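Undergrad: Please find one structure pasted underneath; my questions will follow.
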Amino acid sequence: MARRAGRIMSALPRASRALALAVSLILEGAVAQAGPPERVVSINLCTDQLAMMLAMPGQLISVSHIAADPLASVMAHEAARYRLNYGQAEEVHAMAPDLVLAGPYTSRYTVGLLRRLGVEVRELPVAERLSDIPQTIALMGEWLANGARAETLAAEFRAGLAALAPNNDERPRAVLHYANNYTSGSQTLAHQILTFAGFANIAEEAGLSGGGTLPMEQLIMLMPDVVISGQRYPGLTRAEDVIDHPAMEALRERHAGAAVTDAEWVCGTPAVLSAIARLTALHDAEGS
Amino acid sequence: MRFALLLALLAALVMALFTVSLLVGPAGLTPARALAALIRGEGLAETLVMREIRLPRALLAVMIGASLGLAGAAMQGYLRNPLAEPGLIGVSGSAALGAVLALHTGLAASFALGLPLAALGGAAVAVGLILLMAGSGGSSITLILAGIAVSAMAGALTSLVLNLSPNPFAASEIVFWMMGSLADRSMLHVWLALPLMALGWVLLASLGRGLDALTLGEDAAATMGISLRRLRLVLVAGVACVVGAGTAVAGAIGFVGLVVPHILRPVVGAQPSRLLAASALGGAAMVLAADIAVRLILPERDLKLGVLTAIVGAPLFLHLIYRTRKEGL
């Protein structure tokens, strides 16, 4: 654009200099807009939380309604201070954002529509490993032009992780059992949290790499030492019935250790440190 | 004599399918190991799989299948209309609505029988409505249209309740409540459904004599000492009990009450009392077979039972409508 503007300028006769100056001023204005975003809207739970940690005062104007749900979000309290959105393109566009933060699983239609409406949408990749988390933090810091704060947060995370030294002497076999018999395989953040705390993940034995279902019969045949159940939500659903199935209860009764995954497990944020800490305590109790 | 032989054959079929149902599953147990675990409790994991996962599944298939066969045969006998089926006329759908309301308002959690009783309530309202609209001797078209309206309303309200639920898994369960499944049910569900179902079986089985008399017409039945009002009341209560209790734990499974009596009616000589017993066994066999098939066709995917029963039942339904039209009813 700038080069083209230059060409136009040189082609213009002297008398039109004033107009050309005006054009270049407008273009400069556009360049200045690419500085720190001033109206940021987040429509994904994980970007919500990182943005709340890293945004400068007044920069973040809205987070998704899920961020205010204490069952899914570790920052529900903070989220209550922001305007909540439901991730709908029309609603988000009406907030006149200069940057929208989304995740890779955000509806393609919403992201596509926002982009066609001229809104800048950035998608934060999912942290699949603990070692991805500092990079994710740095990326968000870069987007929000608050690199210094991001650097501090990433350093704190690294130090916190190093302090939770893994204990690998004994590796009790654990299963992550969520609603609908869903579990997390070897290429997931939940697997890394589990193994970092000293457990072996049974889904790996079953050959699962990503997330997927492990039929309850198969799970029982693998006889895990520890059952780590998914979080329960209000209302009774058949999906969650499997968590309290008598066969699963029987597995839990074999060992004292059982835990629940919660909001701390969901996103690659520094909150996973407290999930690891709780699991490490469970691991040590199992060992003794 | 021929009827006794038919019942014996059907019972043998149910036993055989029940055994196969116990032997099918992703755990990959050999039949010998599976039966040793089931009967003698050999091996902790195997015993859990057999007694806590496969046994309740097979038991529920028998209970729900028998209930649906019985309910279909009884309703068809009373309405003297082969198209009356709890799933098609919205009784199962209304039972599902009752169940969903109980689960998402906390009624089901507050007392043990809250779930099946709420489903029974839903089913009773639907049967009552249908009988009011289509009545005994009402035309097929009234019955089907009333059924469509009740089904649509129940389905819409079920979806609404599930969409309003704060539970993130609720909305995706719309398909379970409309199609039905026995995956990962437990003995808790067997005990939850059994009391009301057993009551319903007794009520429906007691209708045999009245339904036989009714084949001669309402006036003839009345002269034989059959109280139509009492017959209707017992029918509503019985159907509501069995369909309500079954739907509460396994969702709405359609077409079983249509297909089974249709196949067995010519064999029992179109006598309603005999059709009741035969349809109970036939229904159990059909749901067992469908539940085995969903595990063989798409293991680990939880294909819904209603998908298979509809694939078998819907063409037959069309055929019956066509024949009814030709007969000018």
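The values are calculated or read from the model by the stated rules, or taken from the named source; none is laboratory data. What you see is a predicted model, and the numbers here were worked out from it, not measured in a lab. In this analysis, Cβ positions are derived from the backbone assuming ideal geometry, glycine residues included, and neighbour counts consider all displayed protein chains.
Undergrad: Closer than 30 Å to residue B:149 by Cβ and surrounded by 18 or more Cβ atoms within 10 Å (Cβ to Cβ), is that true of residue B:27? Give the steps one after another, and end with the answer.
TA: Working: closer than 30 Å to residue B:149 by Cβ: no; surrounded by 18 or more Cβ atoms within 10 Å (Cβ to Cβ): yes.
No: the conditions fail for residue B:27.
Undergrad: Ok, one more. Just the residues that are over 17 Å from residue B:293 (Cα atoms), of a type in the set (A, V, I, L, M, F, W, C) and assigned to a helix (DSSP H, G or I), please, taken from the range B:19-52.
TA: B:32, B:34, B:35, B:36, B:37, B:38, B:39, B:44, B:45, B:48, B:49, B:50
Undergrad: Filter the range A:200-214 down to the residues that are buried (at least 20 other Cβ atoms within 10 Å of the Cβ) and within 8 Å of another protein chain (Cβ to nearest Cβ) and list them by number.
TA: Correct list: empty.
Undergrad: Next question. If you go through the range A:250-262 one residue at a time, how many are away from every other protein chain (no Cβ under 13 Å), of a type outside the set (Ser, Thr, Tyr) and either assigned to a loop (DSSP other than H, G, I, E, B) or over 30 Å from residue A:73 (Cβ atoms) (or both)?
TA: Number satisfying all stated conditions: 3.
Undergrad: Being among the aliphatic types (A, V, I, L, M), more than 30 Å from residue B:302 (Cα to Cα) and outside the structural domain of residue A:121 (by TED's automatic domain parsing) is the requirement here; does residue A:203 meet it? Please lay out each step first, then the result.
TA: Working: among the aliphatic types (A, V, I, L, M): yes; more than 30 Å from residue B:302 (Cα to Cα): no; outside the structural domain of residue A:121 (by TED's automatic domain parsing): yes.
So residue A:203 fails the test.
Undergrad: Among the residues of the range A:162-174, is any in contact with a Leu (Cβ under 8 Å, 6 or more places away or on another chain), over 22 Å from residue B:44 (Cα atoms) and surrounded by fewer than 20 Cβ atoms within 10 Å (Cβ to Cβ)?
TA: Filtering the range A:162-174 down to residues in contact with a Leu (Cβ under 8 Å, 6 or more places away or on another chain) leaves A:164, A:173-174.
So of that shortlist, the ones also over 22 Å from residue B:44 (Cα atoms) come out as A:164.
Then keep just the ones that are surrounded by fewer than 20 Cβ atoms within 10 Å (Cβ to Cβ); that gives A:164.
There is at least one residue in the range A:162-174 that is in contact with a Leu (Cβ under 8 Å, 6 or more places away or on another chain), over 22 Å from residue B:44 (Cα atoms) and surrounded by fewer than 20 Cβ atoms within 10 Å (Cβ to Cβ).
Undergrad: Would you check which residues across the range B:181-212 are part of a helix (DSSP H, G or I) and in contact with a Phe, Trp or Tyr (Cβ under 9 Å, 6 or more places away or on another chain) and list them?
TA: Initial filter on the range B:181-212 (part of a helix (DSSP H, G or I)): B:187-205, B:208-212.
Hits for the range B:181-212 are B:210, B:211.
Undergrad: Now for a separate question. Just name the residue that is surrounded by the most Cβ atoms within 10 Å (Cβ to Cβ) out of those in the range B:124-182 that are away from chain A (no Cβ under 14 Å) and among the polar types (S, T, N, Q).
TA: Residue satisfying both the conditions and the ranking: B:151.
Undergrad: Tally up the residues in the range B:216-246 that are in contact with a Leu (Cβ under 8 Å, 6 or more places away or on another chain) and small (Gly, Ala, Ser), please.
TA: Summing the residues that are in contact with a Leu (Cβ under 8 Å, 6 or more places away or on another chain) and small (Gly, Ala, Ser) in the range B:216-246 gives 8.
Undergrad: Restricting to the range A:216-249, name every residue that is under 17 Å from residue A:200 (Cα atoms), of a type outside the set (A, V, I, L, M) and facing another protein chain (nearest Cβ under 7 Å). Show your work before the answer.
TA: First, pick out the residues of the range A:216-249 that are under 17 Å from residue A:200 (Cα atoms): A:218-229.
Now restrict to residues that are of a type outside the set (A, V, I, L, M): A:218, A:224-225, A:229.
Hit for the range A:216-249 is A:218, nothing else.
Undergrad: Can I ask one more? Name the residue that is surrounded by the fewest Cβ atoms within 10 Å (Cβ to Cβ), counting only residues in the range A:175-199 that are among the aromatic types (Phe, Trp, Tyr) and more than 14 Å from every other protein chain (Cβ to nearest Cβ). I'd like the intermediate steps shown before the answer.
TA: Start the filter on the range A:175-199 by keeping residues that are among the aromatic types (Phe, Trp, Tyr), which leaves A:178, A:182, A:196, A:199.
Remaining after also requiring more than 14 Å from every other protein chain (Cβ to nearest Cβ): A:196, A:199.
Working: A:196: 20, A:199: 27.
Of everything passing the filter in the range A:175-199, A:196 is surrounded by the fewest Cβ atoms within 10 Å (Cβ to Cβ).
Undergrad: Among the numbered criteria (1) under 30 Å from residue B:215 (Cβ atoms); (2) under 17 Å from the mean Cα position of the chain (by Cα), which single criterion is violated by residue B:11?
TA: Tallying (1) under 30 Å from residue B:215 (Cβ atoms); (2) under 17 Å from the mean Cα position of the chain (by Cα), residue B:11 fails exactly one: (2).
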